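Inspection log for the structure reproduced underneath, given as structure tokens.
The values are calculated or read from the model by the stated rules, or taken from the named source; none is laboratory data. On a predicted model such as this, the values are computed, not experimentally measured, just so you know. In this analysis, Cβ positions are derived from the backbone assuming ideal geometry, glycine residues included, and neighbour counts consider all displayed protein chains. Keep in mind that these areas ignore ligands, DNA and RNA; they rest on the heavy atoms of the full protein, side chains included. Shrake-Rupley method; radii C 1.70, N 1.55, O 1.52, S 1.80 Å.
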Amino acid sequence: SLKLTQAQFRTDPELMVDLDDLAESYTAQSKKLPDAKECLFHALALRLVVDPHHPNVNQSYRQIALYMLGRGDRAAAERYIKQGIELEKNCPPSKLYRLVQDQGLLASIYMQSNDWVKAEQTTRELLTQAEKYPFLSWAWPQLHCTLGQCHSQRYQYEESDREYQLALTLAKKYPNPNGDISPECVKGLKENAILKLKNRSKAKQIVKAKH
């Protein structure tokens, strides 16, 4: 590992720039290799040496989390994305889109693990924060859609329908530059209609348990 101090960076400011450029090179190279693991970890190590709060450290954590997720290692993916999220907790509002991306990825990891309770909690926490900032309105429909999925998987079809309907309404008002989630919501509503009949007794048990 590199053993460098802030004093060395002050003595040679170009050293910080060089290390940052090298980290970017590793990141670029990772996209061309069959297995990007080594390059991604080299990039993270360099950015941590330059500054543990380097603006791209969380980017490295996200890339490693996605790599681990792609290899089926959800536990490692969760661990790395949580490290990125920890760095973003006190980020300025202008950088909150990163938190939206990373907490959204964390919720996705929980969903792939069928941990619908944690997926809902993570999504709801993010929505509570995102709703404070109108410039994040593009994310609101997707978050409500995700909540619709979480409720459906837990046999809470009425709550799921409400979330899907709200997502559809918001999607018309606040288009997402990354794509329209309306078809996904419509599909969810249709599936709920079938599941309500298929899992009628289970859904009733869930409702009774809540009351």
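Which of the following residues is hydrophobic (A, V, I, L, M, F, W, C), touching a residue at least 40 places away in the same chain (Cβ under 8 Å) and under 23 Å from T122 (Cβ atoms): A65, A76?
Of A65, A76, the one residue that is hydrophobic (A, V, I, L, M, F, W, C), touching a residue at least 40 places away in the same chain (Cβ under 8 Å) and under 23 Å from T122 (Cβ atoms) is A65.
Filtering the stretch 119-135 down to residues that are more than 12 Å from the chain's Cα centre (by Cα) and of a type in the set (S, T, Y), which residue is least open to solvent (accessible area, probe 1.4 Å)?
Of everything passing the filter in the stretch 119-135, Y133 is least open to solvent (accessible area, probe 1.4 Å).
Which of the residues spanning the stretch 136-193 are of a type in the set (V, I, T) and either in contact with a strand residue (DSSP E or B) (Cβ under 6 Å, 6 or more places away or on another chain) or open to solvent by 20 Å² or more (accessible area, probe 1.4 Å) (or both)?
T169, V186
In the list L168, L87, L106, which residue meets the criterion of being free of Cβ contacts under 8 Å to residues at least 40 places away in the same chain and more than 15 Å from the chain's Cα centre (by Cα)?
L168
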